[in-house]
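What follows is one structure encoded as structure tokens, with my remarks underneath.
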Amino acid sequence: AQSVTQLDSQVPVFEEAPVELRCNYSSSVSVYLFWYVQYPNQGLQLLLKYLSGSTLVKGINGFEAEFNKSQTSFHLRKPSVHISDTAEYFCAVGETSGSRLTFGEGTQLTVNP
Amino acid sequence: DGGITQSPKYLFRKEGQNVTLSCEQNLNHDAMYWYRQDPGQGLRLIYYSQIVNDFQKGDIAEGYSVSREKKESFPLTVTSAQKNPTAFYLCASSHPRGDYGYTFGSGTRLTVV
């Protein structure tokens, strides 16, 4: 079985500052990793995913994430955030042999002017 | 365009009444899922179905029921046995290939009045 820990429940930042949302996972088998974003009163949308190959993954809206196998981490970064990035972000892990995902508890990113 | 449709967007229920939330997908996905979302508690799995006419309980199935008579549809009934039904409910589906991740609906907000 796998698990996901999002290390920060809330991250406040100022507009145009860089941000990192941290995600650690635990699994005994090969995994796929995902980041989703949820705006208020909406469903989750896929930001990016790591399947294999290059450990740096680029996604939509200028976000990127780095897979670190030795540290079992998949942190999400953006060099300069906008007010519109205010949302909840979920990290998820799934075994390569299946299709079910395990989600983290979520990180609320609030971008202040 | 393919996707998942949840209806209605907002739902009000009187205490003691059952209510059914609709989830329809045209993605030809085999697996479908229902999650409950409360503030600060992430996503909690209620039920999931990996194939027509079969479904399994998730972590918080008590007070809920589902059916999967068609591949496209996975309705969730919130029964009067659910003690605290006010929440945001999300439906998702997944392709058999795990690298696709989940596709989510836009959610239904249920309020007990």
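Summarise the long-distance tail of P(r) for the protein assembly as shown by giving the % of C-alpha pairs beyond 24 Å. Spell out each step's value before the answer.
Numbers: 11239 of 25425 pairs.
Here the long-distance tail beyond 24 Å is 44 percent of all Cα pairs in the protein assembly as shown.
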What does the average come to when, for each residue of peptide B:35-47, you count the partner chain Cβ atoms lying within 10 Å of its Cβ?
3
How big is the equivalent ellipsoid of region B:18-61 along its three axes, where each semi-axis is √(5λ) from the Cα gyration tensor, reported in whole Å from largest to smallest?
20, 12, 11
What average number of partner chain Cβ atoms lie no more than 10 Å from the Cβ of the residues making up A:97-106?
6
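Regarding chain B, what is the average projected area of its C-alpha convex hull, in nm²? The partial results should precede the final answer.
Numbers: hull surface 27.5 nm².
Result: 6.9 nm².
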Mind checking which lysines have their Cα closer than 26 Å to the Cα of A:Lys49? Skip sequence neighbours fewer than 8 apart in that chain.
A:Lys58, A:Lys69, A:Lys78
Within 10 Å of each Cβ in A:28-37, how many Cβ atoms from other chains are there, averaged over the peptide?
2
Residues in region A:98-113 reached by a label modelled at A:Ala17 [backbone nitrogen below 13 Å; 7 Å Cα→Cβ]:
A:109-113
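Using the Cα centre of region B:1-73 as the reference point, and only Cβ charges (+1 on K/R, -1 on D/E), how large is the resulting charge dipole? Debye, rounded to the nearest 20.
Values: 9 positive and 10 negative charges, 40 e Å.
It works out to roughly 200 debye.
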With the convex hull built on the Cα atoms of region A:43-113, state its orientation-averaged projected area in nm².
5.7 nm²
With a 1.4 Å probe and all protein chains left in place, how much accessible area per residue does the protein assembly as shown have, in Å²?
48 Å²
Check: the protein assembly as shown dipole with +1 on Lys, Arg Cβ and -1 on Asp, Glu Cβ, in debye
380 debye
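Work out, in µm²/s and without decimals, the Stokes-Einstein translational diffusion coefficient of region B:64-113 at 10 °C, 1.306 mPa s, Rh from Kirkwood over C-alpha pairs.
On the way: Rh = 12.8 Å.
This corresponds to a translational diffusion coefficient of 124 µm²/s.
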For labels at A:Ile83 and B:Gln17 in the simple 7 Å Cα→Cβ model, what's the distance in nm?
3.9 nm
Added length on full extension, which subtracts the Cα-Cα distance from 0.36 nm per residue, A:Ser97 to A:Asp8
29.1 nm
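So if the hydrodynamic radius of region A:1-88 is defined as the Kirkwood radius over C-alpha pairs, what does Stokes-Einstein give as its diffusion coefficient at 4 °C and 1.567 mPa s, in µm² per second?
Working: Rh = 13.8 Å.
Approximately 94 µm²/s, per Stokes-Einstein.
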Between B:Ser67 and B:Ala81, what is 0.36 nm times their sequence separation minus the Cα-Cα distance? Round to one decimal in nm.
3.3 nm
Spatially proximal lysines relative to B:Lys57 (Cα-Cα < 26 Å; intrachain offsets below 8 disregarded):
B:Lys9, B:Lys14, B:Lys70, B:Lys71, B:Lys83
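The values are calculated or read from the model by the stated rules, or taken from the named source; none is laboratory data. This one's a predicted model, so the numbers in the text were calculated from it and none came from an experiment. Please note: Cβ atoms are built from the backbone with ideal geometry, for glycine as well, and neighbour counts cover all protein chains shown. Heavy atoms of the whole protein, side chains included, go into the accessibility calculation; ligands, DNA and RNA do not. Shrake-Rupley method; radii C 1.70, N 1.55, O 1.52, S 1.80 Å.
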